[in-house]
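For reference, the structure is listed below as structure tokens.
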Amino acid sequence: MDTKKLYYENCHLYRFSARVTGCESVKGGYAVTLDATAFYPEGGGQACDLGTLGGANVLDVREKGDAILHLCDSPLTVGASVEGVIDEGRRFDLMQQHTGEHIVSGIVCARYGYHNVGFHVGTDVITIDFDGPIPADALAEIETAANRAIWENKPIRCWYPSPEELPTVGYRSKRALDWPVRIVEVPGVDKCACCGVHVAYTGEVGLIKLLSCVKFHQGVRIEMACGGRALALLNTAFDQNRQVSQAFSAKWMQTGEAARKVNERLAAAEYRCAGLERKLWDFVADGYAGKGDVLHFEEGLTPLAVRELADRIAEKSAGTAAVFSGSDGNINVCLVNKTGDVKELGNALKTALNARGGGKPGIFQGTIPTTQKQIEDFFHAIW
Ligand SMILES: [Zn+2]
């Protein structure tokens, strides 16, 4: 039996009464049909509505022929009048994203002649794929035009043109369509064949924020957010920027410059630190001059610094330098011998202390998941 599609008559109808015309037990619940419904079924790239129907939870809504099936988690009595309540937040969000998609697609199509060939609604953002290249620097201009369409609060018109009118409408469509075709028009911005639900006025989209534009197949993928999602996203970005501003003691409009300056200072400090470290390693290595095999622990070194220090010590001590740094459970090791082979010693560390790592004949580098005490015991036993 036909189901009257109330969602096409009023996109803001979130509560309605209807009569149950069928209820069948199916996989996952009960397929309920009504004489009329405001629940939008999945279709046209738009997800279905969720909510409750006569106290039962609506888990899924699908169109089957002329009927709309509501998958409910409990059965409803055929012939009874029930109240349907739609998850308003979810529906309004989907309408904001979907209508925003129309606006941006219409603007891109008018400016570049490219078509929307893919649309995806993610958890935070939505993406639109276009079949041609859009320069990333054109994004700001497209975004301004899209938001201008919102500020103009244009009424969105949906209608079924007559067979004679249809060829003259000039609408966007992925493929040629047979009559009847539902046309959705954002005046002056977009005309598109679409079976989805949209807000009544462009102003309800609230805001369109384009986030990125990257190459995708032969065209581009634009990432964007509309309405409540755009606000949530900008709030997150604003909060992050506020934290950066506090951390750098910078005005919130000047955090980029503050971050660049901190990076410059950090690079200069690292350069100076590396120079001082080299001098310190020479000093430490001098203390081991001619001592042969050397076991040395140093605090807080990177794996690279462990290697550099082992290299200097081995050069001066004229034996094997075994240098360690790190905290118990995760210790970096480097063995160096300038004239001999440390492979056997490396393998012994692997066997005795579960060391991981490798190298070449005169060098072994890795990590040891053990304690300084255990390493000391191991070397005292062999050296
Ligand atoms: Zn649509």
Q. Does residue 151 satisfy the criteria of being open to solvent by 80 Å² or more (accessible area, probe 1.4 Å), more than 28 Å from the chain's Cα centre (by Cα) and in contact (Cβ under 8 Å) with a residue 40 or more places away in the chain?
A. yes
(Q) Among the listed residues 58, 78, 32, 26, identify the single one that is touching a strand residue (DSSP E or B) at 6+ places or on another chain (Cβ under 8 Å), of a type in the set (A, V, I, L, M), away from the ligand (no atom under 16 Å from the Cβ) and within 15 Å of residue 15 (Cβ to Cβ). (A) 58
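Yes/no per residue for (1) under 23 Å from residue 151 (Cα atoms); (2) hydrophobic (A, V, I, L, M, F, W, C); (3) open to solvent by 50 Å² or more (accessible area, probe 1.4 Å):
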| residue | (1), (2), (3) |
| --- | --- |
| 82 | no, yes, no |
| 87 | no, no, yes |
| 104 | yes, yes, no |
| 110 | yes, yes, yes |
| 113 | no, no, no |
Q. Restricting attention to region 119-146, which residues are open to solvent by 10 Å² or more (accessible area, probe 1.4 Å), of a type outside the set (A, V, I, L, M) and farther than 10 Å from residue 222 by Cα?
A. 120, 122, 123, 124, 131, 133, 135, 137, 141, 143, 144
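Yes or no: residue 93 closer than 28 Å to residue 211 by Cα, within 16 Å of the ligand (Cβ to nearest atom), modelled with pLDDT of 95 or more and surrounded by fewer than 23 Cβ atoms within 10 Å (Cβ to Cβ)?
When the stated conditions are applied, residue 93 passes them.
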Q: Scan region 148-188 for residues that are among the aliphatic types (A, V, I, L, M), away from the ligand (no atom under 15 Å from the Cβ) and in contact with a Gly (Cβ under 9 Å, 6 or more places away or on another chain) and jot them down.
A: 150
Q.
Considering only region 289-304, I want to know if a residue exists there that is modelled with pLDDT under 95 and among the polar types (S, T, N, Q).
A. yes
Q: Kindly check whether there is at least one residue in region 39-54 that is open to solvent by 60 Å² or more (accessible area, probe 1.4 Å), within 28 Å of the chain's Cα centre (by Cα) and of a type in the set (A, V, I, L, M).
A: no
Q.
Cβ-Cβ under 7 Å, sequence separation 6+ or interchain: first residue in region 44-68 and closer than 30 Å to residue 173 by Cα, partner within 16 Å of the ligand (Cβ to nearest atom) and outside any loop (DSSP other than H, G, I, E, B). Which pairs?
A. 45/119; 46/94; 46/98; 47/94; 47/121; 49/91; 63/43
Q: Determine whether residue 70 is crowded, with 22+ Cβ neighbours inside 10 Å and closer than 22 Å to residue 234 by Cα.
A: no
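Return the only residue of 241, 235 being at pLDDT 95 or above, surrounded by 11 or more Cβ atoms within 10 Å (Cβ to Cβ) and more than 16 Å from the ligand (Cβ to nearest atom).
241
I need the full set of residues from region 220-229 which are surrounded by fewer than 20 Cβ atoms within 10 Å (Cβ to Cβ) and within 22 Å of residue 133 (Cβ to Cβ), in order please.
Of everything in region 220-229, those that are surrounded by fewer than 20 Cβ atoms within 10 Å (Cβ to Cβ) and within 22 Å of residue 133 (Cβ to Cβ) turn out to be 221, 223.
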Q. Can you find even one residue in region 247-257 that is at pLDDT 95 or above and buried (at least 17 other Cβ atoms within 10 Å of the Cβ)?
A. yes
Q: Please specify each residue of region 38-48 satisfying the condition of being within 15 Å of the ligand (Cβ to nearest atom) and either in contact with a helix residue (DSSP H, G or I) (Cβ under 8 Å, 6 or more places away or on another chain) or not charged (D, E, K, R) (or both).
A: 40, 41, 43, 44, 45, 46, 47, 48
Q: Say whether the condition of being closer than 22 Å to residue 381 by Cα and among the basic types (Lys, Arg) is met by at least one residue in region 286-300.
A: yes
Q: Considering (1) in a loop (DSSP other than H, G, I, E, B); (2) at pLDDT 95 or above; (3) open to solvent by 30 Å² or more (accessible area, probe 1.4 Å); (4) within 12 Å of the ligand (Cβ to nearest atom), say which one residue 191 fails and leave the rest.
A: (1)
Q) In region 4-46, how many residues are modelled with pLDDT of 95 or more, on the phi < 0 side of the Ramachandran plot and part of a loop (DSSP other than H, G, I, E, B)? A) 11
**Q.** Selection status of residue 141, farther than 21 Å from residue 93 by Cβ, outside any loop (DSSP other than H, G, I, E, B) and within 16 Å of the ligand (Cβ to nearest atom)
**A.** no
Q | Filtered residue count, region 202-215, keeping only those that are within 15 Å of the ligand (Cβ to nearest atom) and either surrounded by fewer than 17 Cβ atoms within 10 Å (Cβ to Cβ) or in a loop (DSSP other than H, G, I, E, B) (or both) | A | 0
(Q) Looking at 225, 258, 274, 250, can you tell me which residue is on the phi < 0 side of the Ramachandran plot, hydrophobic (A, V, I, L, M, F, W, C), more than 18 Å from the chain's Cα centre (by Cα) and not in a helix (DSSP H, G or I)? (A) 250
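The values are calculated or read from the model by the stated rules, or taken from the named source; none is laboratory data. Bear in mind the structure is a predicted one, so any value in this text is a computation, not a measurement. All Cβ positions, even for glycine, are placed from backbone atoms using ideal geometry, and neighbour counts span all protein chains on display. The protein model used for the area step is the full one, side chains on, heavy atoms only, and it has no ligands, DNA or RNA in it. Shrake-Rupley method; radii C 1.70, N 1.55, O 1.52, S 1.80 Å.
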